[in-house]
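Scroll down for the structure; my scribbles are underneath it.
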Amino acid sequence: MGRTTTATTAGPRPRADALRNRERIIDAARELAVQYGADAPLDEVARRAGVGNATLYRHFHDRSVLMRQVVLSVIERATGHAERAAAEEDDPFEAVSRFAHTAVDERIGALCAMFSAGFDPYHPDLVQARERFDTAVDALMERARGAGQLRADSETGDLMVALSQLTRPLPGTTCPANDRFVHRHIQLLLDGLRAPARSTLQGSAVTLEDLRAAR
């Protein structure tokens, strides 16, 4: 008796130009969210991406779907930075430092504004991405703590809150040039996280559990 084969039902793979258009749209939406907040006009997103409105809506049928994908893209890119820093840096604190500076370039503080864009923050893709991100960053901090390089009264949440505050966009402000100082201020933050501590911090350390509870 001959062997029966089962045909797959997967649809056709997207064309390369369609994938490029999708990535350009996501990148443009991210840039505009940083500059103007999550309510930036979709017409302007399309213009900056170099595509027509029809192309934008073919990929993302409304703003919430687009913003969710932008958030997912930022989280995944930041996670990649954390994982590469852990794998490539021998010095634990240098791994934390490398991640912090690359996270600044991703403008992860813009996520705060994007999460108000009307989509479900508990979408399974986002939950999975955040869990991977939290695990990667927490591993960096634990490694530095275990090496005695991280002050004992700090937690991963302290780093994440500070990075978010330093990179949070201020739509409509007249101080866009302040961006050039961000890496300088991140280095001041990192110096403050080094052990031994030279001061006593007010309040208690912010853990990842604290941040999850606040979401």
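The values are calculated or read from the model by the stated rules, or taken from the named source; none is laboratory data. Being a predicted model, the structure only gives us computed values, none of them experimental. Virtual Cβ from ideal backbone geometry, glycine too; neighbours counted across all protein chains shown. Surface areas here come from the heavy atoms of the whole protein model, side chains and all, with no ligands, DNA or RNA. Shrake-Rupley method; radii C 1.70, N 1.55, O 1.52, S 1.80 Å.
What the table below lists for this structure:
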| quantity | calculated |
| --- | --- |
| Subset tally (residues that are in a loop (DSSP other than H, G, I, E, B) and either modelled with pLDDT under 90 or crowded, with 19+ Cβ neighbours inside 10 Å (or both)) for the stretch 152-168 | 3 |
| Number of the exception - P171 against (1) loosely packed, with under 14 Cβ neighbours inside 10 Å; (2) more than 17 Å from the chain's Cα centre (by Cα); (3) at pLDDT below 80 | (1) |
| Residue within the stretch 71-93 that is over 27 Å from R22 (Cβ atoms), open to solvent by less than 40 Å² (accessible area, probe 1.4 Å) and aliphatic (A, V, I, L, M) present | yes |
| Qualifying residue in the stretch 127-140 (condition: modelled with pLDDT of 90 or more, open to solvent by 80 Å² or more (accessible area, probe 1.4 Å) and among the charged types (D, E, K, R)) | yes |
| Answer from E76, E106, E88 - the residue that is of a type in the set (D, E) and over 11 Å from the mean Cα position of the chain (by Cα) | E88 |
| Subset of the stretch 186-203 (residues that are open to solvent by 100 Å² or more (accessible area, probe 1.4 Å) and hydroxyl-bearing (S, T, Y)) | T200 |
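Yes/no per residue for (1) closer than 22 Å to V127 by Cα; (2) in contact (Cβ under 8 Å) with a residue 24 or more places away in the chain:
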| position | (1), (2) |
| --- | --- |
| Y57 | no, no |
| V65 | yes, yes |
| E76 | yes, yes |
| G80 | yes, no |
| R98 | no, no |
| A103 | yes, yes |
